[in-house]
Amino acid sequence: MKKEIRLTEMQRTLVEEHLSVVHWTIRKHIHVNESIYGMGYDDLFQEGCIWLCHAAVSYHAEQALFATYAKTVVRNGLISYCRQLCRKENHFVRLTIGEHGELSTEDFIPDRSDTFHSYFSVVETLDFLESFAPNYHGVAKLGIEALELKIKGMSVTEIAQLYHVPTSHVGAWISRSAQKLRNDPNFLSGIL
């Protein structure tokens, strides 16, 4: 977005009071990768702040709380930004289900001749997994959340610390979600 944004004093105050929305949106929805130009935390935070300003300009108090509205605007803006960067950099993730039911991802430069797997950018992979989370509950839903965190770069140990559980629990969650996803025709049609 190149258009200059002029904020009123009230809009500027909204932005200043809600800068944490940008930080938490990046932490929850975006894969920070310092090795890819434009995907470092500082770059993403700057872009998120621009989208927060857009949210302040387009906000109507009668429709929703600003924080709720801003989260959506910032998230969507950052996802669009990341998609553009991923297309430029050709940085993709492959999402596959292994023969033992394990769900795995790996960074790679796509082999365009491989027609069996669909290739997703990091952001699209996270979006794809997130779209299935509401369909599941309990352990399977925790497994999808753990997969999202793994794609963002966290280790199983770090995820276990985040949830205050043993690492074996995280492995069980991921295994359960992989089993559910492996039997979900909508999920399979999305990755084949």
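The values are calculated or read from the model by the stated rules, or taken from the named source; none is laboratory data. On a predicted model such as this, the values are computed, not experimentally measured, just so you know. Heads up, the Cβs are rebuilt from the backbone with ideal geometry, glycines too, and the neighbour counts pull from every protein chain shown. With ligands, DNA and RNA removed, areas are computed over all heavy atoms of the protein, side chains included. Shrake-Rupley method; radii C 1.70, N 1.55, O 1.52, S 1.80 Å.
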Val32 passes all but one of (1) surrounded by fewer than 21 Cβ atoms within 10 Å (Cβ to Cβ); (2) modelled with pLDDT of 90 or more; (3) within 12 Å of the chain's Cα centre (by Cα); which number fails? (2)
The range 136-146, residues that are touching a residue at least 24 places away in the same chain (Cβ under 8 Å) and either more than 20 Å from Asn186 (Cα to Cα) or not in a helix (DSSP H, G or I) (or both): Tyr136, Ala146
Only one of (1) among the polar types (S, T, N, Q); (2) surrounded by fewer than 18 Cβ atoms within 10 Å (Cβ to Cβ); (3) touching a Lys or Arg at 6+ places or on another chain (Cβ under 8 Å) is not met by Thr25, so which one is it? (2)
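Taking the conditions exactly as written (modelled with pLDDT under 90 and either outside any helix (DSSP H, G or I) or open to solvent by less than 60 Å² (accessible area, probe 1.4 Å) (or both)), does Arg87 satisfy them or not?
No; evaluated as a whole, the condition is false for this residue.
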What's the total number of residues in the range 147-168 that are open to solvent by less than 60 Å² (accessible area, probe 1.4 Å), hydrophobic (A, V, I, L, M, F, W, C) and assigned to a helix (DSSP H, G or I)? 6
For the range 35-44, name all the residues that are open to solvent by less than 60 Å² (accessible area, probe 1.4 Å) and either closer than 20 Å to His18 by Cβ or not in a loop (DSSP other than H, G, I, E, B) (or both). Leu44
Could you list, in sequence order, the residues of the range 51-75 that are within 16 Å of His29 (Cβ to Cβ) and in contact with a Gly (Cβ under 8 Å, 6 or more places away or on another chain)? Trp51, Val74
Check the range 106-126 and report whether any residue there is modelled with pLDDT of 80 or more and among the basic types (Lys, Arg). no
Kindly indicate whether Arg12 is assigned to a loop (DSSP other than H, G, I, E, B), surrounded by fewer than 18 Cβ atoms within 10 Å (Cβ to Cβ) and not aliphatic (A, V, I, L, M). no
I'm trying to understand the selection: among the residues of the range 60-74, which are assigned to a helix (DSSP H, G or I) and either in contact with a Phe, Trp or Tyr (Cβ under 8 Å, 6 or more places away or on another chain) or crowded, with 20+ Cβ neighbours inside 10 Å (or both)? Phe66, Tyr69, Ala70, Lys71, Val73, Val74
Please enumerate the residues belonging to the range 169-192 that are exposed (fewer than 14 other Cβ atoms within 10 Å of the Cβ) and either without any contact (Cβ under 8 Å) to a residue 24 or more places away in the chain or part of a helix (DSSP H, G or I) (or both). Asn183, Pro185, Asn186, Leu188, Ser189
May I ask you to verify whether Val57 is modelled with pLDDT of 90 or more, assigned to a helix (DSSP H, G or I), among the β-branched types (Val, Ile, Thr) and buried (at least 18 other Cβ atoms within 10 Å of the Cβ)? no
Could you please find all residues in the range 20-30 being in contact with a Leu (Cβ under 7 Å, 6 or more places away or on another chain) and either free of Cβ contacts under 8 Å to residues at least 40 places away in the same chain or assigned to a loop (DSSP other than H, G, I, E, B) (or both)? Ile30
